[in-house]
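Asker: One structure, pasted below without further comment.
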Amino acid sequence: MPVPITDWSFVHHPLFQSLVLPALACALALLALRALRPAWAPWGAALGLAAAFLVWPGPVWPPTAHAQWLPWVGLLALGAGLALARWPRAAAPLSRGRATAVLVTTGLLALALAALAGLGGSLLLAQLALMPAAALAVLLAAVWLPPKAGTRPGLAALLPLAAVLLALALLVAGQWRVAEAARGAPKTDDPYYTPGWR
């Protein structure tokens, strides 16, 4: 029996969920905030990433798995960043060169976390680590694309992205610890499948 074409929806594809969804959400949020007030545009990446996490993996309360904390981490970090923005030094936009260096470095860190998660056996964590990488790529593009002044984020606007990366790093480290413990555990035969006749 042929499978209906609707069952192959690209919306549920891992590449859409981990790359297209956050990039699209961040780009739309950034453009909307830029239209409202250009100074708010750098917050589009953090806002878009939080919105993407609410779509996938989605909010679950109370979280029953470690990965289900990420939407809440994204929202709490967004609130903390907005509170920190009241401090002028944290809200002051970085120069284009410094913003580029920070975004490229953190983007490479996100890609490294995705690779480590994949090598450790968790494709879910690898997908989740690609989401902030996509958000950082959108923000980097906004720094260099017109208008001429570009979108220059301050440290407060980068805090939510850094907090999500820190949470992901802790999750990946925990996953590697579990994998190492499983590798070091003594292997015992199940007598049901491999009976020892004596």
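The values are calculated or read from the model by the stated rules, or taken from the named source; none is laboratory data. Note that this is a predicted model, so its numbers are computed, not measured. Cβ: placed from backbone, ideal geometry, glycine included. Neighbour counts: every protein chain shown. Heads up: the accessible areas ignore ligands, DNA and RNA and are worked out on the full protein's heavy atoms, side chains in. Shrake-Rupley method; radii C 1.70, N 1.55, O 1.52, S 1.80 Å.
Asker: Would you point out the residue of segment 145-178, among those that are open to solvent by 50 Å² or more (accessible area, probe 1.4 Å), in a helix (DSSP H, G or I) and modelled with pLDDT under 90, that is farthest from Val102 (Cα to Cα)?
Answerer: Across segment 145-178, the extreme among qualifying residues is Val178.
Asker: Pairs, please: C-beta under 7 Å, at least 6 apart or cross-chain, first residue within 16 Å of Val138 (Cα to Cα) and among the small types (Gly, Ala, Ser) and in segment 90-105, second open to solvent by 30 Å² or more (accessible area, probe 1.4 Å) and outside any helix (DSSP H, G or I)?
Answerer: Listed pairs, sorted by first residue: Ala99/Arg152.
Asker: Now a separate question. Quick one: Val138 ticks every box in (1) in contact with a helix residue (DSSP H, G or I) (Cβ under 8 Å, 6 or more places away or on another chain); (2) open to solvent by 60 Å² or more (accessible area, probe 1.4 Å); (3) over 17 Å from Ala169 (Cα atoms) bar one, so which box is it?
Answerer: (2)
Asker: While we're here: In segment 32-80, which residues are open to solvent by less than 60 Å² (accessible area, probe 1.4 Å) and assigned to a loop (DSSP other than H, G, I, E, B)?
Answerer: Result: Trp56, Pro57, Gly58, Val60, Pro63, Ala65.
Asker: Turning to a different aspect of this structure: Please verify whether Trp87 is more than 21 Å from Leu30 (Cα to Cα), aromatic (Phe, Trp, Tyr) and in contact (Cβ under 8 Å) with a residue 60 or more places away in the chain, treating the condition exactly as stated.
Answerer: Spelling it out, Trp87 is indeed more than 21 Å from Leu30 (Cα to Cα), aromatic (Phe, Trp, Tyr) and in contact (Cβ under 8 Å) with a residue 60 or more places away in the chain.
Asker: For the subset of segment 81-108 comprising residues that are assigned to a loop (DSSP other than H, G, I, E, B) and open to solvent by 70 Å² or more (accessible area, probe 1.4 Å), which member is farthest from Val11 (Cα to Cα)?
Answerer: If we take residues in segment 81-108 being assigned to a loop (DSSP other than H, G, I, E, B) and open to solvent by 70 Å² or more (accessible area, probe 1.4 Å), then Trp87 is farthest from Val11 (Cα to Cα).
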